[in-house]
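Only one structure is covered here, and it is reproduced in the block below.
The numbers here are math on the coordinates, done by the rules we state, and not lab data. Being a predicted model, the structure only gives us computed values, none of them experimental. Cβ sites come from the backbone with ideal geometry, for glycine too, and all protein chains shown count toward neighbours.
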Amino acid sequence: MSTEIEKVKVVIIGSGPAGYTAAIYTGRADLKPVVYQGMQPGGQLTTTTEVENFPGYPDGVDGNQMMEDLKRQAERFGADVRWGVITSVDFSSRPFKVVADEEHTLLADAVIIATGATAKWMGLDSEQKLRGYGVSACATCDGFFYKGQDVAIVGGGDSALEEATYLAKLCRKVYLIHRRKEFRASKAMQHKAFNTSNIEMMLGYVPTEVTGDNGVDGIVLKNIETSERVQLDVNGVFVAIGHTPNSEIFKGQVEMDETGYIITKPGSMQTSVEGVFAAGDIQDHVYRQATTAAGTGCMAAIEAERYLGQ
């Protein structure tokens, strides 16, 4: 166990668009930020093949390449980007105590939390066995591989219906599976999905098994009213049932909502602890876009700079 204590001005926890943008801004403010990349350096975008909706990339950009570009930009302005995971924090007194990899202690004058969120899964053993072999949580990442084939998507919110209509442009048929008889999605998204001819609605069904050995060849559904089982022959299964914020280590340290998203003050990235800020998907369960994450990373950095200047 390291006994060395490192004193820094700003620690940024997380390395997606929010974390790296915060690093660019705090770096340019000469705050010498220390960035811990976390378990998934670059965040969720590193699982995406092509990002087409981030401003400034007219031809699209590979998600990994985009994150590498942001990292290099942050390092250019003096950010110290490190491998490692923050394993505990103590925001009860200043400077704030942040422990990396259970052994290295940093004392920070300000902290920016940008740990993002993780996709939820259905909880089936067969689903986990076939993750990456036909089971995916990102239609825009992996839909291209199923061009002209039949796929299923599970979920009932805006994201699920949006991904279903996206897949419908590529695939021969899309089965949209939802346990309820009505969708939670907005009326506009429902209208779009219901008017897409190659989307078939499977309402009132729950998946019980994803079948296949070296790849997906089907999904078994159970009717929630009759318990009747139906097997659909599909080559891909996409899961779109929401996300879990990566906020476990911050419980009891900052205010959160009932699902674990960190609450920030209206019009601000300030958490319930003065000097601790949150940016990106860890505090945004509405938009969840790379562009909005980057925007909140910028806001958190500017607020941290002002806080430290007081």
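Here the simple spin-label model places points 7 Å from the Cα toward Cβ, and for Thr291 and Glu103 these points are separated by 4.4 nm. Residue separation of Asn223 and Phe144 scaled by 0.36 nm, minus their Cα-Cα distance, works out to 25.5 nm of gained length. For the chain, the longest principal axis of the Cα atoms and the long axis of helix 290-309 meet at an angle of about 20 degrees.
Using the Karplus relation 6.51 cos²θ - 1.76 cosθ + 1.60 with θ = phi - 60°, the per-residue 3J(HN,Hα) values for region 4-12 come to 5, 10, 9, 9, 9, 7, 9, 10, 10 Hz, with x marking Gly and Pro. How would the chain be classified by its alpha-carbon gyration tensor: rounded, prolate or oblate, with rounded meaning a/c under 1.5 and the a/b versus b/c comparison settling the rest? Prolate, because a/c is 1.5 or more and a/b exceeds b/c. What fraction of the DSSP beta bridges in the chain is antiparallel, stated in percent and rounded to the nearest 5? If I count the DSSP bridges inside the chain, around 40 percent turn out antiparallel.
Projecting the Cα atoms of Pro41, Leu308, Tyr166 onto the charge dipole of the chain, computed from C-beta unit charges around the Cα centre, puts Tyr166 farthest toward the positive end.
Helix 63-76 versus the longest principal axis of the chain: what is the Cα-based angle in degrees, 0 to 90, to the nearest 10? Result, in degrees: 10.
Note on region 105-171: Rg/Rh from C-alpha atoms, Kirkwood Rh, equals 1.17.
Structure shown: which of Lys120/Lys173; Lys9/Lys97; Lys7/Lys251; Lys147/Lys192; Lys9/Lys32 lie over 18 Å apart, alpha-carbon to alpha-carbon?
Going by Cα-Cα distance, Lys120/Lys173; Lys7/Lys251; Lys147/Lys192 fall outside the 18 Å limit.
For region 121-239, the share of DSSP beta bridges that are antiparallel, to the nearest 5, is 35%.
Classify region 245-310 as rounded, prolate or oblate from the Cα gyration tensor: take a ≥ b ≥ c as the square roots of its eigenvalues, call it rounded if a/c is under 1.5, otherwise prolate when a/b beats b/c and oblate if not. Note, shape of region 245-310 comes out oblate.
Would you mind ranking Ser93, Ser272, Ser136, Ser247 so that the residue whose beta carbon has the fewest other beta carbons within 10 Å leads the list?
Least crowded to most crowded, the residues run Ser93, Ser272, Ser247, Ser136.
Tell me whether region 121-239 comes out rounded, prolate or oblate; compute the Cα gyration tensor, take square roots of the eigenvalues as a ≥ b ≥ c, and use a/c under 1.5 as the rounded threshold. In terms of gyration-tensor shape, oblate. Ranked for footprinting exposure by Cβ neighbours inside 10 Å, fewest first, Trp83, Trp121 give Trp83, Trp121. Rounded to 0.05, the FRET efficiency of the Glu75 and Arg131 pair, given R0 = 30 Å and the Cβ-Cβ distance, is 0.40.
By the beta-carbon count within 10 Å of each Cβ, the least crowded to most crowded order of Ser227, Ser92, fewest first, is Ser227, Ser92. Only the Cβ atoms of Lys and Arg (+1) and of Asp and Glu (-1) were treated as charged; on that basis the dipole of the chain about its Cα centre amounts to roughly 540 debye.
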